[in-house]
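**Q** Encoded as structure tokens, here's the structure I'll be asking about.
The values are calculated or read from the model by the stated rules, or taken from the named source; none is laboratory data. Model, not experiment: these values are computed from the prediction. Please note: Cβ atoms are built from the backbone with ideal geometry, for glycine as well, and neighbour counts cover all protein chains shown.
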Amino acid sequence: MVTELECGSCHAANPAVAMFCMRCGGSLTQPPEPSRLRLVTVAFCDIAGSTRLADRLDPQVWHGILAGYFAEVSAALSAAGGRLEKFIGDAVVGVFGADSAGEEDAVSAVEGAFAALARLARQGGAGAPDGTGGGGGAGGRYDGRAAGDAGLPQGGRARHPAGDPGRYGVRLSVRFGLASGRAVTTDRDSSFAIGAVMNRAARLQAAAPPDGVLLDVRTWLLVRDRVACQAVPPVAAKGFDRPLRAWRAAPGRAPGDRGGTFVNQSWLLAGLGEEVAAALRRPEVTVLTVRGELGSGKSRVLDRLADRLAADGTAARVLRVACGPGDREHEALRLERLRRELAGARGPRRGGSPASPHPPVASIPTIPSVGELAWGVRRGLAETSRTQGPVVVLVDDFPYASPAFRLLLEPARGGTGPVVFVLAGRDAGWPEPPGFAAARDFRVPPLGEADARALLDALGGDLALHSADGPAGHTDHTDRTGRADHTDHTDHTDHLVRRGRGNPLFLEQLAALAGEGIVDEVAPSAEAALGARIEPLSAPARHVLACVGAAGQALAPGDLDAVCDLPEQEFHAALEELEAAGLLGNRVAAEVAYAQMVLGDRAAVHVALAERLRRAVGEEPEVLDLAVLHAVKGQRYWREFDPGSERDASATRLAVRTLAAAARQALARSEVGRAVDLCERAGELAAQGGGAEGALGLEVAAPHAYALAAVGRTAEALARVAEVSELPGNASARLHLLVTGAVLAGREDPRLRELARQQGGDPTAVARLETWDGLRAARAGDYPRAEALLESAYRRMRRFGAGLGTAEIYGNLSLFLLYGDTPVPAALARCLALRAEVADAPLLHAVVSCSAAVLHQLAGEPAAARAMLGAAREVFEEMGHERGRAGALEFAAHAAELAGDAAEAASLARRAAEVYEAVGERRTAAHCALRAYVLRPLGPPPPAPGGPESWETRVLTAQVAALTAADPGRAAARLDAAFGEISRLRGSGVRLLPLLGCLRVARRLGDTGRAARAREAVAEARRLRERPGR
């Protein structure tokens, strides 16, 4: 039997002995080890004339000198943030950005090189960074013990105090070469960075003057605004087709603005700057817009505006946002990152403030909804602008902004300081109607011919438009057939200006192509030009570029190799090929390559992306939306490419599970409508893949039934429970379903308790069961037991993580703390701790605040109670949560009643009843109306609620009946019935308000005996809440 190998690139079958695919030429070897791809800056340092010194000195002396040199250079590079790559002979190699990429990596590398030269100069063994002899200066002295310890192994008879070359008449001269570019980095201690950038740094080092620092073009572009640089003749480097353009760095700041690359928009920048400056003086939200076609220079305008704001010394905090085509699919990710950046300016987000009397608490991993995130960012902008100074938000590609992000343009209630939004985007795609009023709209026109030539002249130095090896004023091109094409530079510039058609982006890309010797293949648009450049690439290079295009914003640099699934050597070669072609990091090029990707590769890449993103959800929950996007795409493509296969089935299972996970997350955010939609999509896929009848169907049904109940579709939820609860497998999901059914039906399925015993290892399911038992205890009037059960459910959740029912635990535990026997001070402290834990979820935070506010009232802190209830009601109102607003009104009525203001309490209770009625909560609305009547009888008595009776219904209807009774005897009997019902309640907190109602009724009836009885009961309930140790 002949075994065939399937090509990982085109999926063609190949003979078992083949090493490369017979169709596309791709490798058939094993996949590579995981590694990371990052933009790094490499600092390569070596000793000039080391061979002569080694021949001249005793080996022990030379060894000690090298040890001191290694120690000083390594310490300087490490202190600047570099990671030591290796020692090669007498060379030291440091990589900046190897562990985590940063905007300052290139600047840090230059500073590290200068620091190394300064340290060696202070030691007396090398020149200062300017190339002169050693020059002292501030800083610590070199400790000779380090070199001495390196001079002989332990146990030697003598240690040579080597390390200071000056004492031996030696002056070390070192040279640095710095290069920036993409490199693959790994966790290895040595050779952890692989890429052409390593070779460039080494070649530049060899050409550097003694005690000098040479930079390649990328490093120069990154540091030229911060470091003084001077161009030097191109470096003929072994292994490179063209001489390397280089700059020598010197200590000190760059001399002023480099200019030259910003043309035709000076008037625009000036006008925009004036409008921003005026808006920064107004305590309001101001919106300015900048519009233009693709590549017209809008981003450059924002860059210069940010630079100007920084240079002017304004106190404004500037935030940058770059929207993208996928923002509507994962809007929570964009908002969360902006919220974190904004929170960094305002200090800690949780755990209390220094003035808070409550200690910091550990945070529970609550997940705010998209609406809550938008509300939080809007409030954060207002707070920061009021307390710390103006805020400017520069938004690029605004037409891609999600609906939730656009809410940020609306001012927060309560006022704001100066907040200025500058929105840039293409002419097409702006929302209609916009939803905001722009104070001024700026347009970016095409470049005129003179400006286009000025831009090309500036780009000629930046992008190597002029050939380094050709005569001045000429470009020496070689086409892909090897033929030389000598083109006059003036004619070539005319050609670029004509083809660029006044578009700065196209001009830059055309100039970059020209710098690489490509003239005849230039296209009139970026898409065409990049497509022409992608076509000649090898299959692995096209595959890597296409994987980047498939990922969009979802891919971290270190994940690229795993998603591409290529052998290591092939992957690295592809990266170097793309880097040499100037295509790494080019989004448009990546999208073009993705469009050319074969269907099977698309499917595999999207599945790999979904799996990588799902593993990242623990650290960044917002990426789950992206995981859904890629999982669904992967399933669709496998279904189209290879229907009925195991790959199709596996992708379907991944998509269903990812959708179900997203539904659970949506429920944690209180986005119940979205959860229903996600579950229905998951159910459709499960049915297509034949998994709806087993464990996969149960996994979808558990959040589906919960979500249906949450949106009021109780009958459908119960039907869903009945439909799937008999399915085999996934006992944990079945237990969740049975708990949901019990809560909805008010009775348990006979299998529930046995299944709970079997599933004791599923803490989230057990926590839900304990929550259900707590609710049953509360319905029976046993609030201490309810509180204990919810505390147990809370502890499980804290230990094992949030799941279905997390919001129920927080909301009900805070309520039972109010109604139970825990002393008020302890109950208040506990409730405030719960409130702090959910500070990142505004709705849940407001729910817990309602119970905490009434506890503040019981503790004799009415001002704190009013403030907390007002803040909670504001949250519900701003977020349009009517059920929450009704609850806040109801709790405000409780606080007013405890304060003795019956009229205010009655008014609040009636308003709560109206809101509850409007949202369909008729039973709760009836309770509020009855309570309002007891507080202040006006008009006819309200009707009793329908449905099964509860203790609360019985108490309130008895009190109302006593007030409306025709004779004193019947009134007394109904009041006694209310007393009897209250006496059966367990929980001094829950008895307090009903007893106050009985006291109020007895007084209205003129029944002094029963009034005295009620006063004594109220006093006893208060004493019980104040007694410690209960």
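**Q** Do we find a residue being touching a His at 6+ places or on another chain (Cβ under 9 Å), at positive phi and in contact (Cβ under 8 Å) with a residue 24 or more places away in the chain anywhere in the stretch 664-671? Spell out the reasoning first.
**A** Step one: of the stretch 664-671, the residues touching a His at 6+ places or on another chain (Cβ under 9 Å) are 670.
Narrowing the set further to residues that are at positive phi leaves 670.
With the extra rule that they be in contact (Cβ under 8 Å) with a residue 24 or more places away in the chain, the set shrinks to 670.
Within the stretch 664-671, one or more residues are touching a His at 6+ places or on another chain (Cβ under 9 Å), at positive phi and in contact (Cβ under 8 Å) with a residue 24 or more places away in the chain.
**Q** I've got another one for you. What are the residues in the stretch 655-680 that are modelled with pLDDT of 85 or more and over 22 Å from Arg615 (Cα atoms), if any?
**A** Those that are modelled with pLDDT of 85 or more and over 22 Å from Arg615 (Cα atoms): Arg674, Val676, Asp677, Glu680.
**Q** Test Arg141 against the stated conditions and say whether it is modelled with pLDDT of 75 or more and of a type in the set (Lys, Arg).
**A** Numbers: modelled with pLDDT of 75 or more: no; of a type in the set (Lys, Arg): yes.
No, not satisfied.
**Q** May I ask you to say which residue of Ala101, Ala76 is modelled with pLDDT under 75 and touching a Lys or Arg at 6+ places or on another chain (Cβ under 6 Å)?
**A** Only one candidate passes the filter, namely Ala101.
**Q** Now for a different question. Conditions: (1) among the polar types (S, T, N, Q); (2) assigned by TED's automatic domain parsing to the domain that holds Arg1004; (3) touching a Phe, Trp or Tyr at 6+ places or on another chain (Cβ under 9 Å). Thr924 meets all but one. Number of the miss?
**A** Here Thr924 meets the rest and fails (2).
**Q** Kindly state which helices (runs of 4 or more DSSP H) lie completely within the stretch 840-913 and contain at least 3 residues that are touching a Lys or Arg at 6+ places or on another chain (Cβ under 6 Å), polar (S, T, N, Q) and at negative phi.
**A** Result: empty, no element qualifies.
**Q** Here is a follow-up. Any residue that is under 59 Å from the mean Cα position of the chain (by Cα) and outside any helix (DSSP H, G or I) - is there at least one of those in the stretch 965-981?
**A** Checking the stretch 965-981: not a single residue is under 59 Å from the mean Cα position of the chain (by Cα) and outside any helix (DSSP H, G or I).
**Q** A further question on this structure: Test Pro945 against the criterion of being assigned to a loop (DSSP other than H, G, I, E, B), outside the structural domain of Leu1024 (by TED's automatic domain parsing) and modelled with pLDDT of 90 or more, and give yes or no.
**A** no
**Q** Moving to a separate point now. Considering only the stretch 711-727, state which residues are of a type outside the set (Asp, Glu), part of a loop (DSSP other than H, G, I, E, B) and closer than 12 Å to Leu738 by Cβ.
**A** Scanning the stretch 711-727 gives a single hit, Ser725.
**Q** Any idea which of Thr261, Thr286 is modelled with pLDDT under 80 and not charged (D, E, K, R)?
**A** Being modelled with pLDDT under 80 and not charged (D, E, K, R) holds for just one of Thr261, Thr286, which is Thr261.
**Q** Another one. What's the number of the condition Glu680 fails, among (1) touching a residue at least 60 places away in the same chain (Cβ under 8 Å); (2) surrounded by fewer than 19 Cβ atoms within 10 Å (Cβ to Cβ); (3) of a type in the set (Asp, Glu)?
**A** (1)
**Q** I'd like the residue in the stretch 52-78 that is closer than 21 Å to Leu117 by Cβ and either β-branched (Val, Ile, Thr) or touching a Ser or Thr at 6+ places or on another chain (Cβ under 8 Å) (or both) and, out of all such residues, is surrounded by the most Cβ atoms within 10 Å (Cβ to Cβ).
**A** Across the stretch 52-78, the extreme among qualifying residues is Val73.
**Q** Still on this model: Return the residue satisfying two criteria in turn: it lies in the stretch 395-435 and is modelled with pLDDT of 80 or more and among the small types (Gly, Ala, Ser), and of such residues it is farthest from Arg379 (Cα to Cα).
**A** Once the filter is applied, the top-ranked residue is Gly425.
**Q** Please list, ordered by first then second residue, the pairs with beta carbon atoms under 7 Å, 6 or more apart or interchain, first in the stretch 235-249 and in contact (Cβ under 8 Å) with a residue 60 or more places away in the chain and under 13 Å from Ala179 (Cα atoms), second surrounded by fewer than 17 Cβ atoms within 10 Å (Cβ to Cβ) and of a type in the set (Lys, Arg).
**A** If the second residue must be surrounded by fewer than 17 Cβ atoms within 10 Å (Cβ to Cβ) and of a type in the set (Lys, Arg), no pairs are left.
**Q** When you check Glu917 against the structure, is it free of Cβ contacts under 8 Å to residues at least 24 places away in the same chain, touching a helix residue (DSSP H, G or I) at 6+ places or on another chain (Cβ under 7 Å) and surrounded by fewer than 17 Cβ atoms within 10 Å (Cβ to Cβ), yes or no? Walk me through how you get there before you give the answer.
**A** Values: free of Cβ contacts under 8 Å to residues at least 24 places away in the same chain: yes; touching a helix residue (DSSP H, G or I) at 6+ places or on another chain (Cβ under 7 Å): yes; surrounded by fewer than 17 Cβ atoms within 10 Å (Cβ to Cβ): yes.
Spelling it out, Glu917 is indeed free of Cβ contacts under 8 Å to residues at least 24 places away in the same chain, touching a helix residue (DSSP H, G or I) at 6+ places or on another chain (Cβ under 7 Å) and surrounded by fewer than 17 Cβ atoms within 10 Å (Cβ to Cβ).
**Q** Only residues that are out of contact with any Cys (no Cβ under 9 Å at 6 or more places or on another chain) and hydrophobic (A, V, I, L, M, F, W, C): list them for the stretch 374-407, please.
**A** Of everything in the stretch 374-407, those that are out of contact with any Cys (no Cβ under 9 Å at 6 or more places or on another chain) and hydrophobic (A, V, I, L, M, F, W, C) turn out to be Ala374, Trp375, Val377, Leu381, Ala382, Val391, Val392, Val393, Leu394, Ala404, Leu407.
**Q** Right, something else. Val318 passes all but one of (1) touching a Phe, Trp or Tyr at 6+ places or on another chain (Cβ under 8 Å); (2) surrounded by fewer than 22 Cβ atoms within 10 Å (Cβ to Cβ); which number fails?
**A** For Val318, the failing item is (1).
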